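The values are calculated or read from the model by the stated rules, or taken from the named source; none is laboratory data. Fair warning: this is a prediction, and the values are worked out from it, not measured in the lab. Every residue, glycine as well, gets a Cβ built from its backbone with ideal geometry; the counts of neighbours run over all protein chains shown. For accessibility, only protein heavy atoms count, side chains too; no ligands or nucleic acids. Shrake-Rupley method; radii C 1.70, N 1.55, O 1.52, S 1.80 Å.
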Amino acid sequence: MLGIGLSMTGGTAQGRWSPPAALIDLDFRQDRYLQAGAAKSFDDIFVYNGAGLRTFTSEAGTHVWAAHNLLAHSGDLAQGTAVAASATKTRLTAAAGTGTTVPEARRAGVTLPDAGTYTYSAHVRQVNLRYLAMTSEGYGSGAGGVTLFDLQGGTIATQGAGHLALVKPLADGSCICSITFTADGSALNGTLSAGMSDNAVSHAVTGPDGTEALDVFAQWVCRSDLGRMADNPDNALGAEFASYVPAEAAPVFKARRNAYVRGALEGILIEDEAAVNIVEQSHDFASAYWVKNNQLAVAASGTIAGIPAWELTDSSATGFAHCAAGIGAIAGVHTASCLVRKNPSQTSLFSARLSVGSNQFCGISFDTVTGAIKDHWNSGLAVQPDGTKMRDVIDMGTHWFAWFTYDPSLLTGLNATADVQVFPAHDAVNLSPGAHVTGSHVCTAFQVTAGYTPGSFIPTAGRAASRPEETLTIRSSVLPATMPVAVSLALEGRMNFADTGSGAAARFFDWRADAGNHLSAGLNTAGTATGQIQVSSAHSGAASTASGAASACAPGLNVPVSFAARHPAAQLELAAKGETAAGSPAPSALPDLAAAGIGLAPAFKGSLGRFRLWDRDLGSAGIGRIPA
């Protein structure tokens, strides 16, 4: 979540009791999936649904795009339109003709989701013409060039306007050629093409006799700004094809596997709910969207976690220099977040807030060396039932992840329209505010999304952008064909959650045949519970629930969760935090769930590290030894 670690651990300490091998052992941290001891692929085990682009943090600590391919039918050249040529699945052949022709395979209607930087790649091989031409058209100003590649020499012959070209010669004589271009957002539905040429300076073939040909084995399009796109975790073609995700009838979006934070592998990142970042320029303070006030100076300053960053400077002793952006009316609880570089030479605190009325501010102001937060700007600031104010800074090594939660229902009689305001020097290091305070800070990745906790970064570039919902389901085909007489389960992970008084603050798994027959686990924050793990079973409508300690999990970010459960015919038992709890009332039977898949993290914001299922009863002592 903007680099917040959300992991599940699956290791077993030396000398610790080891349970018998599980029927299903899904170790997300190792990206290893076993069924009855046999290794399976991710797609063998799971159905993942998550159309759309998402970001997460890589091993290098940079924000990257989850692996994807925006170009359908990636391995079938015939799915496009052949111009002055004919196309089979992998070969483009020029049509015979007189004069000059432009033989190419065009893919019209390739829609890009948002403004940003994209890379179009093709795996090609020369047949009898030396040059490959690649074009991008209809994506706005500056993205309509033609690039020519010398396939015989494995070099770039002519780099088109608006393109950054790259060629990788392969050992078999083929090449991977790519053009990177920026879509400015004025047009996002365009045309991409791969064609052949007989010269190094223009896309043209003179007097083709119908034998001129080019092999095109695969094409793909990915978002490549921020820290680039993550490698395809299922790539089996070799390192050169790390960015290739095969696509059939529709674009493909991979799950966020191998997510890292602070250099530690965290597993698979899952956010079940869709989200929209209503800050329309998340990481470009040079944009006119951010209005500069009182002589604020803005200068590019490298990156923070792979995201372009900006130094904001207030050198005036007569006013509060800041930048502001209107985000309109806010309906419901929203959380704001950003990244701020540590500044050992600071002369002021870094400050960000929502301005929601005359002298009504909700925000955060903190020391970028120590992380100490000044206690002001509390108007509309959400508060947990125990009195904890919902704002914090998380130490990410070289920078801070800062966030706060705004609840407009706490303010009455005010216009809900809000501005995001960012100050490099509103408060002095000694916490006193004043127009005389001066200083500089570097920041980026501004985000405001609905909900009580922050989520993963949603980049924007001129308009609000969204992150679609996602689901992860264990296929019924890898589960027992007939229901065992008993089952045991274990799950480990980390999550973001708030004590909202909900009886379903999170759901960890849901194995469900229908409303009256299921086995599931979730998190309860209703009544006196602040983070209570519960496992529930129902057979023919008769329900049983085993409830752990009311405060087993403390609300916040990156909260660890680890538990195990067992369910023989007439028992349901939960083990968590060193305690066990029996189901109440005792179940009458184990429900028959053999034909159903298991939904993992169906209501969850965090990461999964390991999930195990045994087709046996491990006993009370056995499940008590499993949770971390």
Name the one entry in Ala504, Ala490 that is touching a strand residue (DSSP E or B) at 6+ places or on another chain (Cβ under 7 Å), surrounded by fewer than 17 Cβ atoms within 10 Å (Cβ to Cβ) and closer than 25 Å to Ile270 by Cβ. Ala504
Here the residues within segment 133-171 that are open to solvent by 40 Å² or more (accessible area, probe 1.4 Å), outside any strand (DSSP E or B) and within 19 Å of Asp215 (Cα to Cα) are Gln152, Gly153, Ala171
Members of segment 475-487 found to be surrounded by fewer than 15 Cβ atoms within 10 Å (Cβ to Cβ) and part of a helix (DSSP H, G or I), listed by number: Ser477
Looking at Ala575, Ala589, which one is over 25 Å from Glu273 (Cβ atoms), open to solvent by less than 40 Å² (accessible area, probe 1.4 Å), of a type outside the set (D, E, K, R) and in contact with a helix residue (DSSP H, G or I) (Cβ under 8 Å, 6 or more places away or on another chain)? Ala575
Residue under evaluation Leu339, criteria (1) closer than 21 Å to Asp225 by Cβ; (2) open to solvent by 30 Å² or more (accessible area, probe 1.4 Å), criterion not met: (2)
Among the residues in segment 303-310, are any open to solvent by 10 Å² or more (accessible area, probe 1.4 Å) and either among the aromatic types (Phe, Trp, Tyr) or farther than 22 Å from Asp184 by Cβ (or both)? yes
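Residues Asp31, Asp44, Asp76, Asp25: which one is of a type outside the set (Gly, Ala, Ser) and on the phi > 0 side of the Ramachandran plot?
It is Asp31.
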Given (1) at pLDDT 95 or above; (2) assigned to a loop (DSSP other than H, G, I, E, B), where does Phe404 come up short, assuming only one miss? (2)
Within segment 172-219, restricting attention to residues that are under 40 Å from the mean Cα position of the chain (by Cα) and over 20 Å from Glu137 (Cα atoms), which residue is surrounded by the fewest Cβ atoms within 10 Å (Cβ to Cβ)? Asp172
Name, by its number, the condition in (1) acidic (Asp, Glu); (2) in a loop (DSSP other than H, G, I, E, B); (3) crowded, with 24+ Cβ neighbours inside 10 Å that does not hold for Glu266. (2)
Counting only residues that are under 18 Å from Trp400 (Cα atoms) and open to solvent by 20 Å² or more (accessible area, probe 1.4 Å), segment 431-473 contains a total of 1
Quick check on segment 269-300: of everything there that is in contact with a strand residue (DSSP E or B) (Cβ under 6 Å, 6 or more places away or on another chain), polar (S, T, N, Q) and surrounded by fewer than 18 Cβ atoms within 10 Å (Cβ to Cβ), which residue is nearest to Gly599 (Cα to Cα)? Ser287
